[in-house]
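So the structure is just underneath, and the comments pick up after that.
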Amino acid sequence: MGKKILVADDSVTIQKVIKLALASEGYNILVVSDGKEAIRAIEQERPDAVLVDVALPGADAFAVKKAIDANPTITGIAFVIMVSAFEKMDERAVVD
């Protein structure tokens, strides 16, 4: 089975589009709809990469990244923050 990618987005449409695009390339795609679910899924599933919407209910992308960084047992996960053209993002909040 291919690499595991977690998609954390509250839009079912975005989840489906990403899943369709990447599953056909051999990736195993997991989806969640809020930040707290994303944190739990990352801790349990240990994906290779996380694609997370900047504005999630429950915990935003920055809170998810901070929670994962605080867990010393989780390392090496690529983390991509997704922002639509219509969402505002405080660029100062971007996590290194």
Sequence-distant lysines (8 or more away, or on other chains) whose Cα lies within less than 22 Å of LYS16: LYS3, LYS4, LYS36
Most to least packed among 19-30, 45-56 [average Cβ atoms within 10 Å]: 45-56, 19-30
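Using the Cα atoms as the points, what is the convex hull volume per residue of segment 25-78 in Å³?
Values: hull volume 4.2 nm³, N = 54.
Normalising the Cα hull of segment 25-78 by residue number yields 78 Å³.
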Computed [θ] at 222 nm, deg cm²/dmol, the chain (DSSP H ≥ 4; -39,500 (n - 2.57); rounded to nearest 500): -10000 deg cm²/dmol
Share of carbon and sulfur in the accessible heavy-atom surface of segment 1-73 [1.4 Å probe, %]: 54 percent
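Report relative contact order for the chain in percent, whole number only (criteria: Cα-Cα under 8 Å, sequence separation at least 6). It would help to have the intermediate numbers written out before the result.
Details: 150 pairs, mean separation 27.2, N = 96.
Contact order relative to length: 28 percent.
Using the per-residue mean of other Cβ atoms lying within 10 Å as a proxy for protection, in what order, highest first, do the peptides 5-16, 31-42 fall?
31-42, 5-16
Report the Stokes-Einstein translational diffusion coefficient (µm² s⁻¹, integer) for the chain, Rh taken as the Kirkwood radius over Cα pairs, at 4 °C with viscosity 1.567 mPa s. List each step's numbers first, then the result.
Details: Rh = 13.4 Å.
After rounding, the answer is 97 µm²/s.
The values are calculated or read from the model by the stated rules, or taken from the named source; none is laboratory data. Given the structure is predicted, the values throughout are model-derived calculations rather than measurements. No Cβ is skipped: glycine too gets one built from the backbone with ideal geometry, and neighbour counts run over all protein chains shown. Note: accessible area is taken over every heavy atom of the protein model, side chains too, but ligands, DNA and RNA are not part of it. Shrake-Rupley method; radii C 1.70, N 1.55, O 1.52, S 1.80 Å.
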